[in-house]
Structures are given as C-alpha cells and as structure tokens.
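Notes for the one structure printed next.
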Amino acid sequence: MKKNLVTTLVLTALTALAVCGCGSSQAGNSESAATETSAAAETQASTEAATTQETSDQEAADKVAALIDAIYVQTRTDETDAQCAAAKEAWDALTDAQKEMVEGEFADPDYFGRDTGDASLDDPLNQDEIGENEILVVSFGTSFSDSRVEDIGGIEKAIAAANPDYSVRRAFTAQIIINHIQARDGEKIDNVDQALTRAVDNGVKNLVIQPTHLMHGAEYDELVETVNKYADSFETVKISEPLLGEVGADATIINEDKQTVAKEITNAALLDAGFESLEKAADEQTAFVFMGHGTSHAAKVTYSQMQTQMNELGYKNVFVGTVEGEPEETSCENVIAAVQEAGYTKVILRPLMVVAGDHANNDMAGDDEDSWKSMFEAAGLSVDCQIVGLGRIENVEALYVQHTADAIKKNSDSVKSEESGIALEKGTYEVSFNTDSSMFRVNEANNGKGTLTVNEDGTAYVSIALVSKKIVNLYVGTAADAEKNEADWLKPYDVEVTYSDGSKETVNGFDVPVEKLSEEFDLAILGEKGKWYDHKVSVTQ
C-alpha cells in the first residue's frame, strides 16, 4: 500500500509539473505572436507613410513642373508676370529632394536650380527718359547669366561707348528666355514690342535697330516685320546689318564681315588652345570645329559661305557645323566624317554663336550621348570644348559698332516717304519676295530674293525673276480689277538665270511697285491661257 501511495504521489507531481510547463509555453508563444504582429503593423504603417510622403513630394514637384511649362511659351500675356512669380515661389517651397523630382514637358531641375552666373551683374537696359535718339540692340537672348553679361552685354557696352549721343536699350526676341530670366532671377527684359512701345512713350525720334543675330534668317525677318508696324511713330528708323552681313545667292559668296568673323573666332580659339598657329595645331593632328545653330531658312547658305571663307583663308583644319544639320553638310555626322577623312584625331569645339548659352553648354559640350562632344568621342576623337560666345571678342564687338555707325549715317541721309512707308535711303537692297503659292514664286536660282530699288522721292519697286515665261503679266490689285485696268498691267522683260549646275535659262522678270515692307498686298497674275488669278505677296528686308 505504501509503495502504491508513493507511486501515486510521484505521478501526480509529474503530471502537475507537465501541466505547468505546458501552460508556460502557450503564454510565451502568445507574447511572441503579439510582438510580431505589432512589428508588422509598424512596418506597414511606415511603408504607407513613406508612400504617402513620396506621393506628396511628387505632387509638389509636378505642380512646379506645370507652372514652369506654363511660362515656357513664346507669347507674353497679361498673366505672365504673375505666372513667373508663382513658379519661383512654388520652387522655393520645395525640399532639395522634391526639386530633383521636377519633370515636365519642358521643366526640369535645371530651370531654377542650375548656376549660370551672377544675374545681378547684368543690366536689362529698360530705363525710361532716354532722349530722342535710341539704339535698340536686339538679341535672341540667353538664360545663362555669365554669357548674357559678357557676350550680349559686351556688344551693348561697345555700342554705347561709341555713340554717346544715343541711349542704348535692349530687347530679346525669345519670350521663353525672357520668362525664364524673370522667373528665376527677377530680372525683367523687354521683348521687341515692349521695347518699341517704350521708345514711342519716351518720345524717341530717331531709332536705330542693331540686331546681334548672325544672319538675315527667320529671326531677322520677324524683327523687320515687327519694327515696320511702328515705323510711323518715329521720324527715322533704320535696321542695321546682322553680324555676317548680306547672305548672297550661293555658298561661294563671301564678304568682309564673314572674313572678319572667320579670322577673329579662329584666332581666339588658337589662343585659348595654346597654339601659335593653325599649322602648329595641324602638326598635332588637331582640328577646330565651330558649331552654329543651323536653320531651314534660305539664309542657311551662310554656314556654307563661312566654310568657303575658312577655305579661302587657307584654314584647312577648320570646319563649320550646325546643331540643326542645315545645310546638310554641316550636320554633326558629316563634320565628324570630314574631320576623320582629313586625318585629324583631336578636335576643339567652339560655338559659332554670339552667346555661349544652352546650345554651347548642352548641345555642344554636354555629357548626354547626343551632344557633339559625346558623338565626337564615340567616333574615337579626343575632344576639348571652349564655351565662349562671339560677343566677347573685341573685334567682333567692333564689327557691330561699325554696322551701327553705318546705319546712323544712313539715317542722317535717308528720305522717308509718308506715302510709301519705305524707311530706307535711296539705293538698292536685297530683299525676300514672299508669295502664297509655290506655283508663283521667284526663280530657284535666286533663292527667293529680289532687288528693291528705293528712289529719291521714297517710292520703291522690287525686281524679280520668275520660274518661266508662263506668267505673262502682273497687276497690283485683284484679278477682278486687273481686267478693267489693262493700262496698269506690269509688263515682263527677259532675265537670264544661272542654276547651280551651271545651266542657264531665260525667264520673265517684273518690276513690282512696293508701298510698304513686310505687309501683304494683292498681286494678280495672268497666265498663258488668258486667265487672271489672285495672290497675296509681301516684301521683307
């Protein structure tokens, strides 16, 4: 009995111990599970918070991108000032991380964030009370502050120093750039309309427009068109030559302006590269490539003419290219091929542009794979970049000063006819003859150009060569009126034209009276079948 009792007590004790141990394990497991659940909840909450914050960051960045895109436009409106201020205020409110997230159709972090120099050193030249004589220096513009100060500002200062009797003022043609500078730097620069309105309001009588444009391209044509709208508000108005002067008919045409620029940019590039001469550079297998903008305008032949000028000067290791690849031989790929074919292994890139702005810093010297620097390097060439605009070269500034002086002299001798609206002195000028139909146009041998003759009394006419003899008469007016006024029909004369392949042809030429530049007028044409057709034409300088 005692043995059984002892056994029973032992078993009972063991059972109790087992029960207690089992209870302890269950409690531990519950606590562990609770801890894991809590940690998971905290992780989920943290993830959700991070996602929410990221969404909030992106929304803030997208708001700024939309505001930048809204002012990345070529037209100024009544809302532009407020839009520029709103974009900058929203940008300043972003964190550094949010700024890196800004991405829109045109917007990116560099719009406000890139350091392009000290904008406070720039003078927008938009003061009032400027007197009766004004020189308005018109540039495309640049948002790169250093280049604006050194290149555009350098030209403006040189012109001002040479003309103490004139007030020098500034205008940019690119509203996109004007808005960028205003939003980022708080600097207000006039567009052409604003500058001309300012001149009228200030009682300016004698106005000289000095464009810093390279050539007689689209920007120059638009400038002339705008200025002519204001011509009657001044006693005299003259638009000076762009940097490279008259365009000319083909790639063989060069002039003193092109020669000056070719010499000066080459000398500056040699000096910056540390070479005594082009020959010394060639000995080290080094070529110089000057990159212009390029254009689809007929003036694109100017770039081919600059290459001709380099060749005429004996600059065998100098090549001219364009960002746009127009003319075709100036494309990056074709210039690379020309450099390699000539046997050069090293290249110095420099902009053939008045300012060293976005194109020079990004399209030429940028690190993206489609920059000129990257493409030349990908072709196995060693590359150095000189990011310097033409505007800071002293003798280039002097060329602008000379063009301005020539314009002022013409102003003093010019005869302006109130009836004709042609604000040019007596003489002849190369002009563009623009029509509303490809079937009625200037002969291709003349690249859309005609000769404007201004008479002593201010009246003027443009001489044009057409594509054939199929247009037998012209009439200034409508087709309906032409049939009733045969005495006023314009009679043709023979003109021999020479095409690019050397062939010649005799076509009909006409002298067409012109009352105003850059203003459309009716010009009816009579074909061989005896029917009159209505057309609109304009003449631009």
Quickly run through the range 463-480 and pick out the residues that are in contact with a Phe, Trp or Tyr (Cβ under 6 Å, 6 or more places away or on another chain), modelled with pLDDT of 95 or more and hydrophobic (A, V, I, L, M, F, W, C). Ile464, Leu474
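Quick check on the range 373-392: of everything there that is of a type outside the set (Gly, Ala, Ser) and closer than 19 Å to Gly343 by Cα, which residue is farthest from the chain's Cα centre (by Cα)?
It comes out as Leu381.
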Cβ-Cβ below 7 Å, separation at least six or inter-chain, first residue in the range 55-77 and modelled with pLDDT under 95, second surrounded by fewer than 18 Cβ atoms within 10 Å (Cβ to Cβ) and aromatic (Phe, Trp, Tyr): which pairs? none
For the range 71-85 the number of residues that are assigned to a helix (DSSP H, G or I) and closer than 15 Å to Asp108 by Cβ is 1
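Residue-by-condition table, conditions (1) of a type in the set (A, V, I, L, M, F, W, C); (2) assigned by TED's automatic domain parsing to the domain that holds Phe288; (3) in a strand (DSSP E or B); (4) within 29 Å of Asp257 (Cα to Cα):
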| position | (1), (2), (3), (4) |
| --- | --- |
| Arg350 | no, yes, yes, yes |
| Val355 | yes, yes, no, yes |
| His359 | no, yes, no, yes |
| Asp363 | no, yes, no, yes |
| Gly366 | no, yes, no, no |
| Glu369 | no, yes, no, no |
| Glu377 | no, yes, no, no |
| Ile387 | yes, yes, no, yes |
Looking only at residues that are out of contact with any Pro (no Cβ under 7 Å at 6 or more places or on another chain) and over 22 Å from Thr498 (Cβ atoms) in the range 454-471, which one is surrounded by the most Cβ atoms within 10 Å (Cβ to Cβ)? Ala460
Looking at Asn411 and the list (1) modelled with pLDDT of 75 or more; (2) more than 26 Å from the chain's Cα centre (by Cα); (3) surrounded by 16 or more Cβ atoms within 10 Å (Cβ to Cβ), which single condition is not satisfied? (1)
Could you tell me which of the residues Tyr499, Tyr493, Tyr461 is among the aromatic types (Phe, Trp, Tyr), in contact with a Gly (Cβ under 9 Å, 6 or more places away or on another chain) and touching a residue at least 12 places away in the same chain (Cβ under 8 Å)? Tyr493
Which of the residues belonging to the range 522-541 are in a strand (DSSP E or B) and closer than 26 Å to Pro242 by Cβ? Val537, Ser538, Val539, Thr540
Across the range 92-118, what is the number of residues that are surrounded by fewer than 18 Cβ atoms within 10 Å (Cβ to Cβ) and either of a type in the set (A, V, I, L, M) or touching a residue at least 60 places away in the same chain (Cβ under 8 Å) (or both)? 2
Which residue, of Glu333, Glu326, Glu341, is touching a helix residue (DSSP H, G or I) at 6+ places or on another chain (Cβ under 6 Å), charged (D, E, K, R) and more than 23 Å from Asp108 (Cα to Cα)? Glu326
Before we move on, is Lys346 modelled with pLDDT of 95 or more, under 18 Å from Asp283 (Cβ atoms), in contact with a Ser or Thr (Cβ under 8 Å, 6 or more places away or on another chain) and of a type in the set (Lys, Arg)? yes
Counting only residues that are without any contact (Cβ under 8 Å) to a residue 24 or more places away in the chain and assigned to a loop (DSSP other than H, G, I, E, B), which one in the range 503-521 is surrounded by the fewest Cβ atoms within 10 Å (Cβ to Cβ)? Ser503
From the list Ile265, Ile176, Ile253, pick out the single residue that is crowded, with 21+ Cβ neighbours inside 10 Å and not polar (S, T, N, Q). Ile265
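The values are calculated or read from the model by the stated rules, or taken from the named source; none is laboratory data. Everything numeric here is computed off the predicted structure, so don't read it as measured data. All Cβ positions, glycine included, derive from the backbone under ideal geometry; neighbour counts span all protein chains shown.
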